[in-house]
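Heads up: the structure comes next, in structure tokens.
The values are calculated or read from the model by the stated rules, or taken from the named source; none is laboratory data. Since the model is a prediction, treat every value here as computed from it, not as a measurement. Surface areas here come from the heavy atoms of the whole protein model, side chains and all, with no ligands, DNA or RNA. Shrake-Rupley method; radii C 1.70, N 1.55, O 1.52, S 1.80 Å.
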Amino acid sequence: MALEIPLQSLPSALTILSSMITPALLISATGTFILSTSNRLGRVVDRVRGIAEKIDQLMHSGSTIEMAEERKAMLIEQLGKLSSRADLLQRTLTVFYLASGAFVASSVAIGVTAIFQSEQAWLPVALGLLGACFLFYGSLMLIREARLAVS
């Protein structure tokens, strides 16, 4: 009992494959966003570790360092900002992963719709639009994080 694929000719098969490539390009773009956001998150984590070491040094040095209390307060304030950035970057990564998943689902839906000659052409379009919305929202979140980084 073999599954008969209702592709009438090579041109129709190529049209379907071409349609499936568009979400693949968006998956690639989303992957680039994921990679750069992961790098940003890694830098924030490294910075938090560096500040934690400085705070530890200030705590153990006692009062031998000038303005130790002011330095501690400044470092603790920086930790708060870095914590906000890390949280925002983590949520941004989640949004980009959702975008990638929506684009993969869109590509699969294009193929399934073509194989079964379904009239549900709205499904791949809706999934593609959902992925694009996630990608746009993630970009806005990165803009916000960049502004936090500068402040």
Compactness check, the chain: C-alpha Rg relative to the 2.2 N^0.38 Å globular estimate gives 1.63
For the chain, what is the calculated [θ] at 222 nm in deg cm²/dmol (nearest 500), taking -39500 (n - 2.57) for each run of four or more DSSP H residues and dividing by its residue count?
-31500 deg cm²/dmol
Accessible area of region 59-117 divided out per residue, in Å², using a probe of 1.4 angstrom:
59
Accessible surface of the chain [probe 1.4 Å, protein heavy atoms]: carbon and sulfur percent:
66
Considering Cα pairs under 8 angstrom that are at least six residues apart, work out the relative contact order of the chain and quote it in whole percent.
34
When a/c reaches 1.5 or more, the comparison of a/b and b/c decides; with that in mind, is region 15-80 rounded, prolate or oblate per its Cα gyration tensor?
prolate
